[in-house]
Amino acid sequence: MADHNFDVVILGGGSGGYAAALRSAQLGKTVALIEKDKLGGTCLHRGCIPTKALLHSAEVADVTREAGQFGVVAQFGSIDMTQVNKYRDGIVDRLFKGLTGLVTSKNVTMVAGEGRLVGPRTISVNGDNYTGTDVVLATGSYSRSLPGLEIAGRVLTSEQALQLDFVPNKVIVLGGGVIGVEFASIWKSFGTEVTIVEGLPHLVPNEDESVSKALERAFRKRGIDFKLGVRFSGVEQHATGVVVSLEDGTRLEADLMLVAVGRGPNTAGLGYEEQGVAMDRGYVLTNERLQTNLPNVYAAGDIVPGLQLAHRGFAQGIFIAEQIAGLNPAIIDETGIPKVTYCEPEVASVGLSEAKAKEVYGEGNISTYEYNLGGNGKSQILGTAGFIKLVRKNNGPVIGVHMIGSRVGEQIGEGQLIVNWEAYPEDVASLVHAHPTMNEAIGEAHLALAGKPLHAHA
């Protein structure tokens, strides 16, 4: 056994962990980064990146089928999952190699192995102890299941779904949140018959209700079936498929069932509770500066209650490094973190929904406007429908931007700046937006909300 001392010791090499490592090293700290698997975590290897690669393959499949309407003679044959997976793995491998090279070049000591908190500021890995003046816990998340629902055989989580080497004929997706609708979208584009089961009244229930309803209309048009407001009761597996039972008595048959009911904090068995870290249902509790109840121990990413997003963890990692270095960084406001769901059509949002804004500020103090993408030239070129919805405080700033349509995720950057910089509709309306772009739709929406609609009915 050997003892090693560093300024900062980080447990977990996902978005939060490696961001904390890079920024700490940049600020002159000695850093040890402990990771039992691969640098990059869930996002790079089992989440964001591989899923979005599959979604792009799905987009290409759809474009090929629809090529004739654009005057291009093309014929859709089939999906070659071997090549799809090769394409996906190539992207992941390149990013992984680049990230590994970057981190090691910045004088970050990489420690391979499963770490465990064995003291207030000490993590044990393979019999060696790594003690930091400050410690960062960033151990990520895992795919949840439901009580009594075993993940095995033809019942999969997203991790197993990503590795499929065939296109199923029929799939039941349990859960209509981000992961559920993204995989439903992929499989539909690949030619699979898909049914989503969601216990809440709407798909993507954490989004503005008008966006959820628009996605439901779009999915119906695409032929994606869904059961809303009804709960799962059980699943039976047989040699060639599954039979899924719902509480209303409905029975659904399929080749596979994807369990997409959210992600849980990966904190069990890591010594957190034994060392006295304050926890709630497996999550690590922190103050607004991401400090745990233990002195000099911080937490970042999916183990901290709140949005489970790679870019949130990344921002928190940077924040913690700067906090440790005494830079007093600005507190991260979770309402200002953008969210994107990469199904077809895409969903993107930042800030408060209409319902939440009315709850916070009072119904009579809120105004909204929806700009239909039917009035946007580039959207018509792309053949997409949808809208930009703005939520503002009366005589005040825009506090919510909500979008649905193909490629709207690429527009969330301006929405993020608008909400976080507390811009008024009049401020944005005076900015010149390039033509013809989808970005123009954001400008048009703000023109309308500022009282001077042009390419809009208001």
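A compact table of results
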{"quantity": "Residue that is surrounded by the fewest Cβ atoms within 10 Å (Cβ to Cβ) [pool: residues in segment 285-305 that are within 17 Å of Gly17 (Cβ to Cβ) and touching an Asp or Glu at 6+ places or on another chain (Cβ under 9 Å)]", "calculated": "Asn296"}
{"quantity": "Condition check for Ile388: among the hydrophobic types (A, V, I, L, M, F, W, C) and in contact with a Phe, Trp or Tyr (Cβ under 7 Å, 6 or more places away or on another chain)", "calculated": "yes"}
{"quantity": "Members of segment 132-167 that are more than 22 Å from Thr51 (Cβ to Cβ) and outside any loop (DSSP other than H, G, I, E, B)", "calculated": "Gly132, Thr133, Asp134, Val135, Val136, Leu137"}
{"quantity": "Residue check, Leu55 touching a helix residue (DSSP H, G or I) at 6+ places or on another chain (Cβ under 7 Å) and either more than 30 Å from Gln75 (Cα to Cα) or charged (D, E, K, R) (or both)", "calculated": "no"}
{"quantity": "Only listed residue being touching a residue at least 60 places away in the same chain (Cβ under 8 Å) and closer than 19 Å to Glu182 by Cα, chosen from Ala32, Ala25, Ala61, Ala53", "calculated": "Ala61"}
{"quantity": "Residue check, Val277 buried (at least 21 other Cβ atoms within 10 Å of the Cβ) and on the phi < 0 side of the Ramachandran plot", "calculated": "yes"}
{"quantity": "Residue count for segment 102-138, restricted to those that are touching a residue at least 40 places away in the same chain (Cβ under 8 Å), out of contact with any Ser or Thr (no Cβ under 7 Å at 6 or more places or on another chain), more than 23 Å from Gln323 (Cα to Cα) and surrounded by fewer than 17 Cβ atoms within 10 Å (Cβ to Cβ)", "calculated": "5"}
{"quantity": "Close pairs from segment 324-338: first over 20 Å from Val135 (Cβ atoms), partner part of a loop (DSSP other than H, G, I, E, B), Cβ under 8 Å, at least 6 apart", "calculated": "Ile331/Glu288; Ile331/Arg289; Glu334/Gly306; Glu334/Leu307; Thr335/Leu352; Ile337/Leu307; Ile337/Leu309"}
{"quantity": "Residues that are touching a Ser or Thr at 6+ places or on another chain (Cβ under 6 Å) and buried (at least 18 other Cβ atoms within 10 Å of the Cβ), drawn from segment 208-245", "calculated": "Asp208"}
{"quantity": "Residue list for segment 61-76, restricted to those being touching a helix residue (DSSP H, G or I) at 6+ places or on another chain (Cβ under 9 Å) and under 21 Å from Glu346 (Cβ atoms)", "calculated": "Ala61, Asp62, Val63, Arg65, Phe70"}
{"quantity": "Qualifying residue in segment 375-383 (condition: surrounded by 15 or more Cβ atoms within 10 Å (Cβ to Cβ) and under 21 Å from the mean Cα position of the chain (by Cα))", "calculated": "no"}
{"quantity": "Out of Asn287, Asn328, Asn372, Asn293, sole residue that is among the polar types (S, T, N, Q) and touching a strand residue (DSSP E or B) at 6+ places or on another chain (Cβ under 9 Å)", "calculated": "Asn372"}
{"quantity": "Complete set of residues in segment 1-19 that are crowded, with 24+ Cβ neighbours inside 10 Å and either over 22 Å from the mean Cα position of the chain (by Cα) or assigned to a helix (DSSP H, G or I) (or both)", "calculated": "Val8, Val9, Ile10, Ser15, Gly16, Gly17, Tyr18, Ala19"}
{"quantity": "Scan of segment 152-165 for residues that are in contact with a strand residue (DSSP E or B) (Cβ under 7 Å, 6 or more places away or on another chain) and surrounded by 15 or more Cβ atoms within 10 Å (Cβ to Cβ), ordered by number", "calculated": "Arg154, Val155, Leu156, Thr157, Ser158, Glu159, Ala161"}
{"quantity": "Segment 427-457, residues that are assigned to a loop (DSSP other than H, G, I, E, B), within 18 Å of Met403 (Cβ to Cβ) and among the aliphatic types (A, V, I, L, M)", "calculated": "Leu431, Ala434, Met438, Ala456"}
{"quantity": "Test: residue in segment 259-266 that is touching a residue at least 12 places away in the same chain (Cβ under 8 Å), part of a loop (DSSP other than H, G, I, E, B), of a type outside the set (S, T, N, Q) and more than 30 Å from Phe166 (Cβ to Cβ)", "calculated": "no"}
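Computed from the coordinates by the stated procedures, all read-outs in this text should not be read as laboratory data. None of these values were measured; they are calculated from a predicted model. Heads up, the Cβs are rebuilt from the backbone with ideal geometry, glycines too, and the neighbour counts pull from every protein chain shown.
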